[in-house]
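None of the figures in this text is laboratory data; all of them are computed from the coordinates on show. From a predicted model like this one, the values you see are computed outputs, not experimental measurements. Here the Cβ positions follow ideal geometry from the backbone for every residue, glycine too, while neighbour counts run over all protein chains shown.
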Amino acid sequence: MSSIPKNIQNNLHKFSGEDFSVIRVCSSKVQLYFSVIGLFVLIILFCCFVSALYFTEHLFNNAIADIGVGIIWGYIVTNLYVLLLYTITPSLLPKKDRKKNKEIIKSYDINFSMILRIGLVILLAIITAQPLNIFLLKPDTQAFAFDIRNLLAHNPFTWVTTILVITIFVLPIYLKYSIRKLGEFYEKKAEIEKRIIADDYQDFRAKYRFLLESNILKYNKQLENSLIPFLNRLSKINIEQPKEERIELHNNISKELTNELMKVKIEKYEYWADPPYRTKHKSKIKNILTEQDLLNHIYPETD
């Protein structure tokens, strides 16, 4: 592919609402899907600009204000749309289905949050479509809101325009869902995200271990300093006892105390078998004894 079409394709990928660094290492078919998604996002940006421009024309009657508000509104709606598009993606990290008690991955969660996001996308499409209906079907209007209501009630073409705009807004969501069936992009993205999480979790464990060991060492040092006066006092007890024995007793206790308060290695206990995702419990190996073992425990043999 020549440089100009390649640059156009790369820019479309950046508009698609997904990680460009992952897209560019995928196959040409996956890249084509994301190019189409990016093209639809550009169309949405254009529709938002025209819609806002025509709407503000009836408010300000000033070309500079109309164009400025149109650009800002188009930018806001497009960014909000790209953000929603980015969040509408299958689950890439392992998690546990509480109802079926099993691990699931790469599935779209049709829950309240997903329905709310798709509903917001449709709402943005409906709002964007109404000024376009006026622009296409009734250009010489003075009562903007009334004409929108009147067109929706009496002109069936307004519904065609509205449905067309909704389709443009929703189609990238369908394309993202179709990309999952190609079995390449989301696997690469999941691998990258898992590697990032694994590295961060190892850093957390190292910091956790260092902090805990430092605090224990600090506490042990304070404890040792507080016990030194008592050790010195202990060496003066039993003055009748030979000095060598008292010194040896003092040294033995000091050595034992030092061993008890020496620096220890700490490891964070993992309750789960797949930290940090916490979807699998550690397997518990049960050593089931025989009935004879129980009797031997109750009635141990004696010599």
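Could you list which residues have their amide H under 5 Å from that of Asp274, counting only those 5 or more apart in sequence or on another chain, with H placed in the peptide plane?
Thr279, Lys280
By the scheme Lys and Arg +1, Asp and Glu -1, what is the net charge of all other residues having a beta-carbon under 12 Å from that of Ser16?
Residues close to Ser16 contribute a combined charge of +1.
Once you have a ≥ b ≥ c as the square roots of the Cα gyration tensor eigenvalues for the stretch 149-210, tell me rounded if a/c is under 1.5, and otherwise prolate or oblate according to whether a/b is larger than b/c.
Here the stretch 149-210 falls in the oblate category.
At R0 = 35 Å, how high is the FRET efficiency between Lys286 and Leu93 if r is their beta carbon distance? Nearest 0.05 is fine.
0.65
Anything over 27 Å Cα to Cα? Flag those among Lys263/Lys286; Lys95/Lys268; Lys6/Lys188; Lys6/Lys181, in the order listed.
Lys263/Lys286
How large is the charge dipole for the stretch 3-183, taken about the Cα centre, if only the Cβ atoms of Lys, Arg (+1) and Asp, Glu (-1) carry charge, to the nearest 20 debye?
Its charge dipole is roughly 1180 debye.
Collect residues whose amide H, placed 1.01 Å from N in the peptide plane, falls under 5 Å from the amide H of Lys95; neighbours closer than 5 in sequence don't count.
Ile104
What spacing in nm lies between the two simple spin-label points modelled at Leu80 and Leu39, each 7 Å away from Cα in the Cβ direction?
2.7
Estimate the FRET efficiency between Leu182 and Tyr208 by the formula 1/(1 + (r/R0)^6), using the beta-carbon distance for r and 35 Å for R0, to the nearest 0.05.
Efficiency for this residue pair is about 0.30.
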